[in-house]
Amino acid sequence: MTALIVLSVLYGTTRIPFGDVVSAIATGLGLGGEPGPMDRIVFDLRLPRAVFSAVIGAGLGIVGVVLQTTTRNDLADPFLFGLSSGAAAGAVFVITVTGDVLGIWTLPLAAFSGGIVASLIVLTLVQSLRNAAPEKLILAGLAVSFLFAAITNYLIFSGDSRAAHSIVFWMLGGLGLARWQSLPLVLAGLALILAYATYRRRWLDALLAGDRTAKSLGVPVTRLRMTMFLMAALATAAFVSVAGVIGFVGLMVPHLARGLAGPLHTRLLPTAALIGAALLTASDILSRVILAPQELPVGIVTTSVGAIFVFALLIGGRKTAR
């Protein structure tokens, strides 16, 4: 993981020598002289980007584990529940309608608010049905996802066409907005989902045996499912508010982690965090070098890898069934 972070700082649209990177970091930490343009590029742009990719990748991996366990759906991820769609709608609303009324925090706060609104709508729908079964949660999430996708498309169509490029890039995911000022937000998202999932890891293990078995062991299944979904929504909103919509990380990582650590969450959660961090960091490096000096949205890379992964998953499941 450390090697990937170093590579992320070294390689981009242009390669920076390792010695210059070390010197720039030292200068940024106040151990050198007056910072120059190269020092600012390394310490204020590339280094936070590398850190953000690791933190957000780890968080999305854990969110994927939590959602797949609580819904008993191996294809569950933040997109399936409308969390990313709500955040995208909030960000596009700011880009096309209001502008940066709150400065650099406008876009992250709008995206975070959109994700929270989407999650609250899903929870309200499920509660009104008086049934928090996994299939109800998934259907409510899909409905909300379609709703916010329609709102986003309307805003894009009716808004300023000059903002189309930034909207498309943000909706496909990217870490170009990574700045040290936003780091507390994504760290809070990672800490929230990791801490709560670790605290309730025994209950999550019990859910693997089914709702009836979990209830017989004293697990409040409905409350656990709702609380886990809310924690996942808060964390996802924090990640999407900075990096945009990054697909398939939350879907792929749990499967890869289970193959290494098994299904029990004591080992599964940290393994998923490490794999998620490595996957997103490597994808971000690829997104910057494939079409250099242009930058490819990282969501295109993760979606491409994710599509191949799902194909392999389906083919492997078919062979196993035979």
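Rule-based calculations on the coordinates, nothing more; no lab input. Quantities reported herein were computed from a predicted structural model and do not represent experimental measurements. Heads up, the Cβs are rebuilt from the backbone with ideal geometry, glycines too, and the neighbour counts pull from every protein chain shown.
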**Complete:** HN-Hα couplings for the stretch 107-115 via Karplus (6.51, -1.76, 1.60; θ = phi - 60°), in whole Hz with x for Gly/Pro, come out as 5, x, 5, 5, 5, 4, 5, x, x
**Prompt:** Remind me, relative contact order of the stretch 2-321 in percent, using alpha carbon pairs under 8 angstrom and six or more residues apart?
**Reply:** 29 percent
**Complete:** For the chain, the longest principal axis of the Cα atoms and the Cα long axis of helix 221-243 enclose an angle in degrees, to the nearest 10, of 20 degrees
**Fill in**
Here the stretch 63-69 yields Karplus 3J(HN,Hα) values (6.51, -1.76, 1.60; θ = phi - 60°; whole Hz; Gly and Pro given as x) of 4, x, 4, 4, 5, 5, 6
**Request:** Mind jotting down a quarter of the surface of the convex hull over the alpha carbons of the stretch 159-292, in square nanometres, one decimal?
**Result:** 10.5 nm²
**Message:** Considering the Cα positions of the stretch 176-236, please state its Rg to one decimal place and its Dmax as a whole number of Å.
**Reply:** 14.9, 48
**Prompt:** Dividing the Cα radius of gyration by the Kirkwood radius, what Rg/Rh value follows for the stretch 1-141?
**Reply:** 1.13
**Fill in**
With -39,500 (n - 2.57) per DSSP H segment of 4 or more residues and division by the full residue count of the chain, the 222 nm estimate, nearest 500 deg cm²/dmol, is -23500 deg cm²/dmol
**Request:** Could you give log10 I(q)/I(0) at q = 0.18, 0.23 Å⁻¹ for the stretch 23-101, computed by the Debye formula over C-alpha point scatterers of equal weight, without solvent?
**Result:** -0.85, -0.98
**Prompt:** Ile193: net charge of surrounding residues, Cβ under 13 Å, Lys/Arg +1, Asp/Glu -1, itself excluded?
**Reply:** +2
**Asked** How do the peptides 65-74, 227-236, 303-312, 82-91 rank, highest first, by the average count of neighbouring beta carbon atoms within 10 Å per residue?
**Response** 82-91, 227-236, 65-74, 303-312
**Asked** Taking only the alpha-carbon positions of the chain and ignoring solvent, what does the Debye formula give for the base-10 log of I(q)/I(0) at q = 0.10, 0.11, 0.12, 0.13 Å⁻¹?
**Response** -0.58, -0.69, -0.82, -0.95
**Fill in**
Relative to the chain, whose Cα atoms define the longest principal axis, helix 83-93 and its Cα axis are tilted in degrees, nearest 10, by 40 degrees
